[in-house]
Structures are given as structure tokens and as C-alpha cells.
Amino acid sequence: MKRTIKSIIPAKKKPLGDNMSVDSPLPSPFVRQISPFLMLDHFGPNQITPGNGFYVPPHPHRGFEPVTILFEGEIEHHDSAGNRAAIAGGGVQWMTAGSGFIHSEGAVESFAKAGGTIHGIQLWVNLPREKKMTPPGYQNIQRESIPVLESSGVKLRIISGEVDGTEGPAKTFTPVLAIHGIVSAGGSKTIRVPSSFNAFVYVTRGTLLLASGERADAKHLVWLSNDGDEFDVSAETEAEFLLLAGEPIDEPMVSYGPFVMNDPAEIMQAVEDYQSGAMGYLEE
Ligand code: MN
């Protein structure tokens, strides 16, 4: 059975830091979350002029997994758990905030000096109640370690989960399928997505042709119904997308800024723990 489309949600521009903005389709006035996915921010493609990097100063997280999927550019991550690492285009950093860390992200120094294109996604994946206070973790996944399935003009880069027997490298706490797809002109592919998984396709470049005959342009989220176990993508001209799907976490969700917990008392505790230094410190 093919999945039908529930709705197509356009991204909205929102400010980030001093002079940056991102396009965000999730959360939106139409949908608060597509569990386990809480937030998707699309940054770029933006041209960084030489000598003008970008920097997101130290801030905390608790109760979920912030994930950076980078298409172009070079980003460095530094956190209070002692992780310092960089990814380049095609790489992914899958962070587990768990009980809490403080981190900063910015352009790698040499990239900032030279300038270039920055383009990527920041995705927040929820954690179930029993894993919200798990110790923080960091998975640095370089481009080369992401397997690529290629057929009929469609490349699928499997970041997490399994497609046709190929498994992605990112370890997750609940079942999550994360795929970066690149469709050549005229390419077409059926992707299997278990019907129990909530799922959406987010177009990062070009225009996708959907089986229903509808089209989805870049910076649009295609929310799929849970009424089938496969989905077709194709394109008339080159296009790229993310397919994100996962077993829903059926629990109350309360979020406040960078903290996502199950009830308001746990949010108060997170604020207190951050202010008292229990999430550690990050010097810049
Ligand atoms: Mn962050």
C-alpha cells in the first residue's frame, strides 16, 4: 500500500542569533510535532564571504537529540561533555543531549577564512521518558561512513535505520529512519517505510514529483499519512530531500526553549540544573 499525503507544509523564516535566519516547517501553526520529530530548521544555502564565519554561542539542551545534517560547508561542535569535532558537507553529527549539555557550533576556522556555501538541517528528535536523563553523547558521522543505495536515478544515503538490507551508522534510542535522497532528472524510486512509523519528506533543493501528481518545492514538508508502507519519489529535474520516519513516542511532551520533557515540573528542574551548573560549563 502506498502512503497518501496528509498535507504539504511550507517552511517559515525565523531568526537565529544576530544576523542569521533559518527556514522552519516544524513546529508550525499546522502541526506541533511529528513524533518523534520535534523541530526541523533548514539553514542556507547561504554564501559565506571570506572572513565572515558564523557562530551559535554556548547554550544548553536536555531531553532529546539535536542532529545536524550538513550538505555543504564545515561546522565545528564543542560541548560541555568534552566533545570537540567537525563535520564537512555530507557529514552528520547526531548529538544526545539526554540529561543535559551545553554546546556551541560555528564555522570551522579555515572555512570561515576562505568563505563558501553553508547548507544544512538541524533536526530535533525526541527521547522517550526512560531515556531523557541518559548521559549526553555525540556521534560524529563523516560523509564516507554513510552508505549509499543507488537505483533508477535516485541515490539514498542511509543515515539511520534500514532500507533494503542497508543500515545507516547513526544509533538511535527509538527506531528512526533518516535518509538523504538525491534524485536525478527523470529518476524515480519506491521507498519502504513501516506503516507504524510517522513519516515526512522535506524538500531541500529542486521540486519533487509525488505519486499523487502533486509537486513539492524546496522548503516544503510533505507530511505522509500512516496508511501504507511505501512511498514513491521522482523528479523531472534534479532534486534533493530528507525522508524522516520513526516510531512515535506516545507520551506527553512539554517544551520550553532548549528543553523538552514530559511535564512542567521537569522543565523547571532543567532550568534550575542549567542555572546551577549541573549541565557543566563551556568556556569559549
Ligand atoms: Mn543547539
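The values are calculated or read from the model by the stated rules, or taken from the named source; none is laboratory data. What you see is a predicted model, and the numbers here were worked out from it, not measured in a lab. Cβ coordinates were reconstructed from backbone atoms using ideal geometry, including for glycine residues, and neighbour counts include every protein chain displayed.
Structure data summary
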quantity	calculated
Residue selected from the stretch 106-132 under the condition over 25 Å from V254 (Cα atoms) and within 14 Å of the ligand (Cβ to nearest atom), by the criterion modelled with the highest pLDDT	G120
Count of the stretch 33-48 residues which are modelled with pLDDT of 95 or more and not aromatic (F, W, Y)	9
Strands (runs of 3 or more DSSP E) lying entirely in the stretch 6-119 (those with 1 or more residues that are basic (K, R) and closer than 29 Å to A199 by Cβ)	12-16
Test set (1) in contact (Cβ under 8 Å) with a residue 40 or more places away in the chain; (2) crowded, with 17+ Cβ neighbours inside 10 Å - E76 fails condition number	(1)
Filtered residue count, the stretch 171-210, keeping only those that are surrounded by 18 or more Cβ atoms within 10 Å (Cβ to Cβ), over 15 Å from the mean Cα position of the chain (by Cα), under 12 Å from V233 (Cα atoms) and modelled with pLDDT of 95 or more	7
So I102, is it β-branched (V, I, T), in contact (Cβ under 8 Å) with a residue 24 or more places away in the chain, in contact with a strand residue (DSSP E or B) (Cβ under 8 Å, 6 or more places away or on another chain) and away from the ligand (no atom under 14 Å from the Cβ)	no
Scope the stretch 252-269; condition of a type in the set (A, V, I, L, M, F, W, C) and either touching an Asp or Glu at 6+ places or on another chain (Cβ under 7 Å) or away from the ligand (no atom under 16 Å from the Cβ) (or both); matching residues	M253, V254, M261, A265, I267, M268
Residue satisfying condition, being surrounded by fewer than 21 Cβ atoms within 10 Å (Cβ to Cβ), within 16 Å of the ligand (Cβ to nearest atom) and over 17 Å from V222 (Cβ atoms), within set R62, R84	R84
Selection from the stretch 121-170 of residues that are part of a helix (DSSP H, G or I), without any contact (Cβ under 8 Å) to a residue 40 or more places away in the chain and either crowded, with 16+ Cβ neighbours inside 10 Å or among the small types (G, A, S) (or both)	S145
In the stretch 38-59, the residues that are under 16 Å from the mean Cα position of the chain (by Cα) and within 12 Å of the ligand (Cβ to nearest atom)	M39, D41
